[in-house]
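Notes follow once the structure below has been shown.
The values are calculated or read from the model by the stated rules, or taken from the named source; none is laboratory data. Bear in mind the structure is a predicted one, so any value in this text is a computation, not a measurement. Note: ideal-geometry Cβ built from the backbone for every residue, glycine included; neighbour counts use all protein chains shown. SASA here: full protein model, heavy atoms, side chains in, ligands and nucleic acids out. Shrake-Rupley method; radii C 1.70, N 1.55, O 1.52, S 1.80 Å.
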Amino acid sequence: MAKLLSSIPIKVASISKELRDYAALNLPRNHDVPLLDSLQRPLRDLRISVTDRCNLRCTYCMPRDVFDEQHNFLPRSELLSFEEIARLVKLFIPLGVQKIRLTGGEPLLRRGIERLVEMLARLNTNAGKPLEVALTTNGVLLAQKAQSLKDAGLSRISVSLDSLNNTTFRRMSDSDVPVGTVLDGIAAAQRAGLHPVKVNMVVQRVVNEHEILAMAEHFRHSGIVLRFIEYMDVGSSNGWRLDEVVSARVILERIAARYALRQIGANYPGEVAERWQYADGGGEIGVIASVTQVFCHDCTRARLATDGKLYTCLFATHGIDLREPLRLGAADTILTNLIAGRWGLRDDRYSELRATQQTPDKKIEMSYIGG
Ligand code: SAM
Ligand code: SF4
Ligand code: SF4
C-alpha cells in the first residue's frame, strides 16, 4: 500500500484536492492483515491532545516567556469536539488502535473531560476487548476529578511530578502550586481504584537529578509505579541541550547503589518503559530512555493534535488535517483513507536520526501535539 500511495502528495494547497486525492484511492484494505507503515510498524496507540492550554509552565515544555499572555492558544472553535474525537477514534480502531491516551496541555482543564472518557470507554477493539482509555495529567486538579474519571470508565492514569521539594517543583513548573496538591491528587486516584497509578519524573541535570533517590524512596511500597524520563528535545522552545540529559543508566545506577534492582519483562510489545523491581519487594520502577536508547523500531503511536491534525511522530513538523474533511461532511471511508494512507507512508524515526544530527530545526510543541 505504501507503494501505491507514494505518488500522492500529502501536502497539497487545498483541502478539496487532498480529499480528492485520498478519496480517489478507494484503498482495498484486507482487514485480516494489520495496517503497517513503511517500516513495518503497526498502528496500536493513539494519543489525543484535548487542549493546548495548561495551568503549569514547566520550563522544559511550556516556558513562560514563550507561552505568555501574548501566546495564541487555539480558540474553542478550532478544538475538536468530543463527538468529533469519538468519531475519529471509531475509525482508528479498525486500523489496529487498542489504546487511547488523553493528554495535552493539561487534559483536566478541558471542561467535561469525563464525558469524553465515557464515550471512548464504551468502545471495543478489533479483538472485542474494551478499548483502553488512559490519561496523563499534572495532577493539579486530580483530587477533584479522580473519582468521576474512574466512574466514567478511565482505565489508567499517569501523573507527572518532578520533585517532592516545593522549591524545586515551583522552579520546574514555574508556578505557585505546592507539591502537596499533586500528592493529594495521586492519593485520590489510588482511592478511586485507578490501578496502578504511575508517576512520571522528568530528570534534568543539576535541576532535579539530586532528587532521584528521594522520589524512589517516597514511592517504594506505595503500589505506585515511578518512572524516570530522560529530558527530551521536544518542541522548539525549551532550549534543550544534550548535556542536561541524565541517562537512564545513570538513574538506575544511583538507585541500585542503595536498593538492589532486577529487570522484569515488558507488559506488551513496544512498551517504552524498561521495567525494574526492587529485590526486597518494594515495588516497581521504570525508565524511559527516549534519548539514550531509542525505540523508534517498534513505535506504534500516532498523535491527534488539539485541532485535529494527525502526526505520526512526536518530533514531526507536518501533520495532516482531519478536522476540515470531518467538518466538510466527509464519509467514513474518506477519513479512513486519509488515516490509513498517512500511516502507510510513515517512515518517522526521529530519535534514531538525532544521533546523526539529521533532524529538523522547527518542531511542533508537545503541549499541542500531546505528550
Ligand atoms: N500536562 C500533562 C502532564 O504534564 O502530565 C500532560 C501533557 S505533558 C506534555 C505529558 C508528559 O510529557 C509529562 O509527563 C511531561 O513531564 C512530559 N514532558 C514534557 N516535556 C518533556 C521533555 N522536554 N522531556 C521529557 N518529557 C517531557
Ligand atoms: Fe503543562 Fe504538562 Fe507541559 Fe508541564 S509538562 S507545562 S504540566 S503540559
Ligand atoms: Fe516514535 Fe518518533 Fe519517538 Fe521514534 S522519535 S519513538 S518514531 S515518536
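A few notes on this one:
- Checked against the criteria, S158 counts as hydroxyl-bearing (S, T, Y) and open to solvent by less than 10 Å² (accessible area, probe 1.4 Å).
- Residues of segment 270-287 satisfying the condition of being open to solvent by 40 Å² or more (accessible area, probe 1.4 Å) and assigned to a loop (DSSP other than H, G, I, E, B): A279, D280, G281
- Selection from segment 169-186 of residues that are of a type in the set (A, V, I, L, M, F, W, C) and touching a helix residue (DSSP H, G or I) at 6+ places or on another chain (Cβ under 8 Å): F169, V177, V179, V182, I186
- All positions within segment 187-200 that are in contact with a Leu (Cβ under 7 Å, 6 or more places away or on another chain) and surrounded by fewer than 22 Cβ atoms within 10 Å (Cβ to Cβ): A188
- Condition broken by R110, with the remaining ones in (1) more than 16 Å from ligand 2 (Cβ to nearest atom); (2) basic (K, R); (3) closer than 28 Å to I224 by Cβ satisfied: (1)
- Verdict on R323 being among the charged types (D, E, K, R), touching a residue at least 12 places away in the same chain (Cβ under 8 Å) and open to solvent by less than 10 Å² (accessible area, probe 1.4 Å): no
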